[in-house]
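What follows is one structure encoded as structure tokens, with my remarks underneath.
The values are calculated or read from the model by the stated rules, or taken from the named source; none is laboratory data. Values in this document were obtained by computation on a predicted structure and should not be read as measured data. FYI the Cβ positions are ideal-geometry reconstructions off the backbone, even for glycines, and counts take in every protein chain you see. Please note that ligands, DNA and RNA were not included when accessible areas were found on the heavy atoms of the full protein model with its side chains. Shrake-Rupley method; radii C 1.70, N 1.55, O 1.52, S 1.80 Å.
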Amino acid sequence: MSPAEGSAAGADVLTVSDVAVRFGGVAALREASLTVRAGTVTGLIGPNGAGKTTLFNVVSGLQHPDRGTVRLFGTDITRMKPHRRARLGLARTFQRLELFGTLSAGENVQVGLESSVKWWQWRHVRSSFPTIRNRRADGAEARPTGPGSTAVVTSDRLLDGVGLAGLADRQSSALPTGSARMVELARALALAPKLLLLDEPGSGLDDAESQSLGELLTTLARGGMAVLLVEHDMELVMRICEYIYVLDFGDVIASGTPDEIRTNPLVQAAYLGAVAGPADGSAGGGGNRVEA
Amino acid sequence: MSNFLQYTIFGIMLGAGYAIAATGLVVTYTTSGVFNFAQGALGMIAAFCYWELVSVDHVPVLVAVLVVVVLGGAVAGALVERVLMRRLHGASAERPVMVTLGLLVILTGVATIVWSPTTSRSVDNMVHGQFRLVGINIQYQEVLIIGVALAVAAGLRALFRSTRSGYALRAVVDDPDLLAMAGVSPNRMSQYGWMLGTMMAALAGVLLAPTQTSGISIAAMTLLVVNGYAAAIVGRLRSIPVTFAAAVAIGLAENYVINYVLPHLPQNLTPDITYALPMVFLFLALVTLPSVRLRAVGRLTTMRAPRVAGGFESIVAGLVFFVAAAIVAITFANTAFKGTTVLDLGGLIMSLGIVGLSLVLLTGYSGQVSLCQFAFMGIGAFVMGKVAGGGSVLGLLAATAVCAGIGALVSLPTVRLSDLYLALATFAFADAVATGFFADNHIYGAGGVSIGRIVLPGLSFGGDQAEFLMVTAFFVLAAWLVLAIRRSLFGRRLVAVNDSPAAYATVGLDIGFTKVAVFAIAAGMAGLAGALYGTVQGVVGQTDFAIFPGVIFVLFVTIWSIRTVSGAFLAAVTYVVLNQVWPNGVGLFAGLGIILIGRAASGLLGIEALQVRLPWVKGSPDTAGVRPAAPLGGPAMAGGSSRVAG
């Protein structure tokens with residue numbers, strides 16, 4: 001079944017066609033194709049080394065493919081620079097954290113929020129200089145009230161939304177992994193993306209946090225966002241994804257609804273076979289986490 | 001035709017010499033991940049040692065070569081790895097660059113003390129005689145250099161491609177832990193790499209020394225390797241055959257340009273173009289390199305961020321600083337220190353402090369290493385001297401604008417590459433400007449450029465006190481500007497692009513534009529500093545803005561703290577005072593300082609024990625434990641985000 005048939009989803013947001021990437025003699029991706037539609041959470045699963053992160057890099061522009069095309073809303077973005085793709089509405093997080101470590105959590109999100117702002121505009125330059133109004137009674141600098149203040153308020157709101165209320169002033173490199181992943185997510189959401197690529201966002205989260213993450217992603221998709229999720233937490237993937245692609249050795253070996261993936265013998269042989277018991281998320285008393 | 005063949009043979013020989021130096025760079029980079037800026041200085045020391053043994057002590061040539069290249073090169077390489085580089089494992093990317101620059105200034109400093117620059121030293125060919133082939137004379141020395149270079153390239157290629165040790169040498173950079181699990185010591189492999197690379201540097205120095213027809217000099221021998229940089233870059237610091245071919249091509253091109261192109265140009269341009277050639281080659285190499293992929297490497301800066309002073313705090317600190325300077329101006333109005341008035345020294349400190357601030361912005365915040373801020377200073381001083389009579393505000397503005405424009409042009413070819421290439425490009429630019437522009441008597445004049453003191457309608461800064469306070473005011477303004485930038489949207493972007501280029505690009509921000517912009521601003525600041533420096537000095541010449549003093553100053557800023565305004569000021573104080581006390585030892589202090597500070601990325605001021613907290617200053621980065629996170633989602637997310645529009 002195709003993604004269009006598998007859900008009541010909207011238009012195609014991302015179309016990856018026959019993408020191939022080689023690193024020297026190693027084929028990281030061979031003829032990989034997938035489609036992500038608006039208003040859905042689409043899963044991308046596969047063992048370590050299957051090519052999931054390489055595919056994310058190709059889609060976000062950090063890696064040029066040897067062959068194949070990437071289209072965003074029908075526009076060919078295969079050779080487009082990463083920042084231009086982001087301006088078209090593509091945001092991502094990283095498997096290995098890529099935070100602005102010297103900045104606070106709030107500032108990380110602010111950088112995303114203000115990414116379309118031209119810094120040389122006078123109103124933004126002026127906001128860097130102190131004014132009497134910014135002075136608080138206790139002598140400390142008040143939080144900005146100029147043009148940057150909208151970003152501060154919104155970054156607080158976004159951090160609140162990913163469960164990091166009150167942590168805006170913490171240096172991001174000092175945060176635990178789970179919290180740092182949520183800062184990355186908040187920074188990506190700050191772009192108000194139409195397509196969100198999440199590379200193992202559940203890593204480092206406990207069961208309750210993972211549950212909340214699932215609800216958050218479902219809410220975002222319900223609002224029209226297209227989400228492409230790479231995740232090893234099978235319970236989470238099976239629960240929130242409407243459509244799933246399975247990568248193995250750079251090939252898309254299967255795709256379908258969670259039910260189809262569960263029962264697909266190819267998937268069981270190549271991937272889920274690595275886990276004892278059924279792959280329905282109910283085995284083993286709790287999260288059926290695949291560590292391939 | 002015979003001339004062409006003669007030039008070709010000499011060009012190949014020159015290129016072969018560059019190839020040996022360049023393959024040494026490739027070997028070191030391949031086996032340690034470090035680009036050795038001291039490669040030329042190591043070759044220079046080897047050349048001087050060889051001269052000492054052969055010309056002074058009359059040691060047989062072969063013995064001298066074995067002692068200098070094999071023994072000396074191996075021991076020096078092993079020591080450099082063990083003492084300097086091994087402790088930098090895991091340090092920030094620019095730290096090894098700084099340490100090899102420290103080694104560079106130490107070696108040139110030691111050479112200046114041991115071998116007086118005023119003495120002429122000629123090195124004879126190792127083998128004498130010549131033979132005729134197709135109507136041209138070919139010297140055996142030329143054949144020797146070409147043969148040795150070919151043998152070295154072939155030997156290294158075979159080592160890296162066909163032996164187990166070669167695989168281990170290459171693997172040490174890729175994954176030292178995995179190599180250790182395979183039973184091979186990564187440290188030992190890295191040490192072997194440094195030994196090989198240093199032996200190559202020594203061999204290049206010894207072989208190229210006889211080509212210096214006017215005798216070997218410390219600066220010329222050290223900088224001879226810049227052409228090797230270009231070749232190594234064409235080889236992408238990986239491929240020995242490509243590096244070798246590029247080096248030979250550069251040697252040929254250099255010789256053809258000198259013999260066929262320069263004679264048709266005005267005579268006064270000849271030395272400028274000759275000196276500028278290495279930079280032209282390096283820039284061509286940089287421009288033709290394919291873009292470096294932005295790799296998501298999971299790098300997470302764990303460095304504690306220096307606290308950025310708030311707006312009012314910086315205003316109060318600036319005013320206090322200015323009042324203190326005024327007290328100094330009154331107290332030491334007629335006092336001299338080592339033959340220079342204290343106020344003149346103060347003026348130099350303030351102007352160099354502005355250069356330090358430009359480095360805070362460029363390197364401290366955005367992570368780009370520039371070694372050519374003194375070159376911009378020199379250009380700024382030159383513009384100041386030539387515009388509106390040499391003592392006007394218009395000159396200051398022109399100096400700032402011209403340097404900002406040139407800065408943008410210098411950084412443009414390198415923004416799509418890694419920061420190492422910017423350091424290389426700036427090194428080559430500083431070298432070319434110092435030797436091809438500042439040294440030209442038609443530009444700066446034999447006696448230097450005169451720059452008058454600034455006069456405004458109804459206001460003159462002709463007096464020493466007024467001049468000092470004016471330059472101090474510019475320093476304070478520059479410090480306010482740098483801090484304001486750091487607090488601004490642009491400042492956040494500078495830090496962000498340094499912390500994670502991959503994330504920066506994927507949030508919709510243009511890395512290239514940001515890097516060019518900050519480089520231009522920093523170059524403009526350095527140009528302004530040069531103009532002010534000129535007004536303090538009265539006359540400036542080529543020696544004021546040479547390449548090595550510029551490198552030494554960068555090291556002092558790094559030693560104190562390249563991320564803070566205080567670090568920039570203290571570096572300027574250290575540089576000016578040491579130059580007054582012991583000019584020949586400034587490089588030694590800078591080199592030893594950067595080595596001693598090791599991997600402390602925030603410099604001396606970043607060391608906790610040395611920090612002084614002002615009681616009225618509130619707030620500091622808190623890296624303590626984090627409260628448990630609240631559940632995700634919630635009402636705040638319901639509406640999604642509202643992106644701030646420009």
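In the condition set (1) on the phi < 0 side of the Ramachandran plot; (2) not in a helix (DSSP H, G or I), A:Ala86 is compliant with all but (2). Buried (at least 24 other Cβ atoms within 10 Å of the Cβ), more than 20 Å from the chain's Cα centre (by Cα) and aromatic (Phe, Trp, Tyr): does that describe B:Tyr575? Here the answer is no, as B:Tyr575 does not meet what is asked.
Consider A:Gln95 carefully, then state whether it is facing chain B (nearest Cβ under 8 Å), more than 30 Å from A:Asp156 (Cα to Cα), open to solvent by 10 Å² or more (accessible area, probe 1.4 Å) and not small (Gly, Ala, Ser). Spelling it out, it is not the case that A:Gln95 is facing chain B (nearest Cβ under 8 Å), more than 30 Å from A:Asp156 (Cα to Cα), open to solvent by 10 Å² or more (accessible area, probe 1.4 Å) and not small (Gly, Ala, Ser). Restricting B:Ala151, B:Ala180 to residues that are without any contact (Cβ under 8 Å) to a residue 12 or more places away in the chain, out of contact with any helix residue (DSSP H, G or I) (no Cβ under 9 Å at 6 or more places or on another chain) and either open to solvent by less than 30 Å² (accessible area, probe 1.4 Å) or small (Gly, Ala, Ser) (or both) narrows the list to B:Ala151. Restricting the first member to the stretch B:538-560 and to residues that are free of Cβ contacts under 8 Å to residues at least 12 places away in the same chain, and the second to residues that are open to solvent by 10 Å² or more (accessible area, probe 1.4 Å), the beta-carbon pairs closer than 9 Å and six or more apart or on different chains are B:Thr543/B:Gly448; B:Thr543/B:Pro549.
Exactly one residue out of A:Glu209, A:Glu235, A:Glu231, A:Glu215 is more than 24 Å from A:Val59 (Cβ to Cβ), of a type outside the set (A, V, I, L, M) and touching a strand residue (DSSP E or B) at 6+ places or on another chain (Cβ under 9 Å), and it is A:Glu235.
Taken residue by residue, the stretch B:43-53 has no member that is modelled with pLDDT of 95 or more and touching a Cys at 6+ places or on another chain (Cβ under 8 Å).
With respect to B:Ala204, is the statement that it is under 13 Å from B:Gly40 (Cβ atoms), in the same structural domain as B:Ile45 (by TED's automatic domain parsing) and in contact with a Gly (Cβ under 9 Å, 6 or more places away or on another chain) true? It is true that B:Ala204 is under 13 Å from B:Gly40 (Cβ atoms), in the same structural domain as B:Ile45 (by TED's automatic domain parsing) and in contact with a Gly (Cβ under 9 Å, 6 or more places away or on another chain). Determine whether the stretch B:476-494 contains at least one residue that is within 21 Å of the chain's Cα centre (by Cα) and within 11 Å of chain A (Cβ to nearest Cβ). Looking through the stretch B:476-494, at least one residue is within 21 Å of the chain's Cα centre (by Cα) and within 11 Å of chain A (Cβ to nearest Cβ). The set of residues in the stretch B:161-207 that are at pLDDT below 85, closer than 25 Å to B:Leu79 by Cβ and among the hydrophobic types (A, V, I, L, M, F, W, C) comprises B:Ala168, B:Leu169, B:Ala171, B:Val172, B:Val173, B:Leu179, B:Ala180, B:Val184. Scanning the stretch B:82-93 for residues that are touching a Ser or Thr at 6+ places or on another chain (Cβ under 9 Å) and not in a loop (DSSP other than H, G, I, E, B) yields B:Leu84, B:Met85, B:Arg86. Considering the stretch B:19-81, the qualifying helices (runs of 4 or more DSSP H), each wholly inside and each with 3 or more residues that are in the same structural domain as B:Met126 (by TED's automatic domain parsing), open to solvent by 10 Å² or more (accessible area, probe 1.4 Å) and touching a residue at least 24 places away in the same chain (Cβ under 8 Å), run over B:39-51, B:73-79. Do we find that B:Thr100 is over 16 Å from B:Gly197 (Cα atoms), at pLDDT 90 or above and surrounded by 20 or more Cβ atoms within 10 Å (Cβ to Cβ) in this structure? Considered against the rule, which asks whether it is over 16 Å from B:Gly197 (Cα atoms), at pLDDT 90 or above and surrounded by 20 or more Cβ atoms within 10 Å (Cβ to Cβ), B:Thr100 comes out as no.
Filtering B:Val280, B:Val297, B:Val287 for residues that are open to solvent by 30 Å² or more (accessible area, probe 1.4 Å), within 30 Å of B:Gly512 (Cβ to Cβ), modelled with pLDDT under 80 and within 14 Å of chain A (Cβ to nearest Cβ) leaves a single hit, B:Val297.
Considering every residue within the stretch B:139-157, establish whether at least one is among the aliphatic types (A, V, I, L, M), out of contact with any Phe, Trp or Tyr (no Cβ under 6 Å at 6 or more places or on another chain) and not in a helix (DSSP H, G or I). No, that holds for no residue.
Of the residues that make up the stretch B:211-231, is at least one buried (at least 23 other Cβ atoms within 10 Å of the Cβ), polar (S, T, N, Q) and assigned to a helix (DSSP H, G or I)? Yes. Among the residues here, A:Val237 qualifies as at pLDDT below 95, within 23 Å of A:Val16 (Cβ to Cβ), in a helix (DSSP H, G or I) and not acidic (Asp, Glu). State all residues of the stretch B:1-16 that are aromatic (Phe, Trp, Tyr) and surrounded by 15 or more Cβ atoms within 10 Å (Cβ to Cβ); if no residue qualifies, say none. Passing the criteria: B:Tyr7, B:Phe10. A Cβ distance below 8 Å, combined with a sequence gap of six or more or placement on separate chains, defines the contacts here; from the stretch A:194-219, residues that are surrounded by fewer than 23 Cβ atoms within 10 Å (Cβ to Cβ) reach residues that are of a type in the set (Phe, Trp, Tyr) in the pairs A:Lys194/A:Phe73. In the condition set (1) among the hydrophobic types (A, V, I, L, M, F, W, C); (2) in a loop (DSSP other than H, G, I, E, B); (3) over 17 Å from the mean Cα position of the chain (by Cα), B:Ile562 is compliant with all but (3). Being closer than 23 Å to B:Met279 by Cα and buried (at least 22 other Cβ atoms within 10 Å of the Cβ) is a property that B:Thr414 has. For the stretch A:152-177, a residue qualifies if it is assigned to a helix (DSSP H, G or I), of a type outside the set (Val, Ile, Thr), touching a residue at least 24 places away in the same chain (Cβ under 8 Å) and facing chain B (nearest Cβ under 7 Å), and the qualifying residues are A:Leu158, A:Gly161, A:Ser173. Name the one entry in A:Thr35, A:Thr42 that is open to solvent by 20 Å² or more (accessible area, probe 1.4 Å) and over 17 Å from B:Leu509 (Cα atoms). Criteria check complete, one pass: A:Thr35. Cβ separations smaller than 7 Å between residues 6+ apart or across chains give the following pairs from the stretch B:129-146 residues that are closer than 21 Å to B:Ala209 by Cα to residues that are in a strand (DSSP E or B) and of a type in the set (Phe, Trp, Tyr): B:Ile138/B:Phe131.
It is to be established whether one or more residues within the stretch B:547-557 are under 29 Å from B:Ile315 (Cβ atoms) and among the aliphatic types (A, V, I, L, M). Yes, the stretch B:547-557 contains a residue that is under 29 Å from B:Ile315 (Cβ atoms) and among the aliphatic types (A, V, I, L, M). On the given criteria, is B:Ala16 more than 22 Å from the chain's Cα centre (by Cα) and either of a type in the set (Gly, Ala, Ser) or outside the structural domain of B:Arg87 (by TED's automatic domain parsing) (or both)? So B:Ala16 fits the description; yes. Number of residues in the stretch A:68-87 that are in contact (Cβ under 8 Å) with a residue 40 or more places away in the chain and either facing another protein chain (nearest Cβ under 10 Å) or open to solvent by 10 Å² or more (accessible area, probe 1.4 Å) (or both) equals 6.
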